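The values are calculated or read from the model by the stated rules, or taken from the named source; none is laboratory data. Note that this is a predicted model, so its numbers are computed, not measured. Positions of Cβ are generated from backbone atoms using ideal geometry, with glycine treated the same way; all protein chains shown enter the neighbour counts.
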Amino acid sequence: MAISRILVVDDSPTERFFISDLLVKNGYLVSMAENGEEGVAQAKQTLPDLIIMDVVMPGMNGFQATRALSKEDTTKNIPVILCTTKGQETDKVWGMRQGARAYLVKPVNPNDLLSQIKTLG
């Protein structure tokens, strides 16, 4: 499946801008959400091809949102890339157990992110 529509879920306006700007410049259609609850709701409604999810957010965090998406029939096949400052090995293992397909530590290397998207597509 070719990836064209990507949902970026991050509570930081700076991170949302950085990631969405990178993706748009590389030909992707981007939508954004500011927190986990909004991200899950938007994913169910718009069914993007890929979700880039922060972990540390107020309310529902990225681990919880990823778990919710992976358990929902309509969204369980949408790949999630966790993109976070939490760089411990235990965080990575936990994130993958929640249903993430990839885990990148901030600050994100743009080439690593684009490569990961191509791999999942």
Output the residues belonging to region 52-85 that are assigned to a loop (DSSP other than H, G, I, E, B) and touching a Lys or Arg at 6+ places or on another chain (Cβ under 8 Å). 55, 56, 72, 74, 75, 79, 85
Scan region 33-49 and report the pairs whose first residue is more than 15 Å from residue 16 (Cα to Cα) and whose second residue is basic (Lys, Arg) and at pLDDT 95 or above, with Cβ atoms within less than 8 Å and a gap of 6+ or a chain change. 46/5; 48/5; 49/5
In this structure, does residue 71 turn out to be surrounded by fewer than 17 Cβ atoms within 10 Å (Cβ to Cβ) and not aliphatic (A, V, I, L, M)? yes
Could you list, in sequence order, all residues of region 76-109 that are of a type in the set (S, T, N, Q) and touching a Pro at 6+ places or on another chain (Cβ under 9 Å)? 85
Looking for something under 18 Å from residue 16 (Cβ atoms), among the basic types (Lys, Arg), outside any helix (DSSP H, G or I) and touching a strand residue (DSSP E or B) at 6+ places or on another chain (Cβ under 7 Å) - is there at least one such residue anywhere in region 92-114? yes
Quick count over region 22-58, residues being farther than 18 Å from residue 118 by Cβ and either loosely packed, with under 14 Cβ neighbours inside 10 Å or not acidic (Asp, Glu) (or both), is 19
Residue 6 in contact (Cβ under 8 Å) with a residue 60 or more places away in the chain and either surrounded by 20 or more Cβ atoms within 10 Å (Cβ to Cβ) or among the β-branched types (Val, Ile, Thr) (or both): yes
Collect the residues in region 39-90 that are among the charged types (D, E, K, R) and over 13 Å from the mean Cα position of the chain (by Cα), keeping them in residue-number order. 44, 71, 72, 73, 76, 86, 89
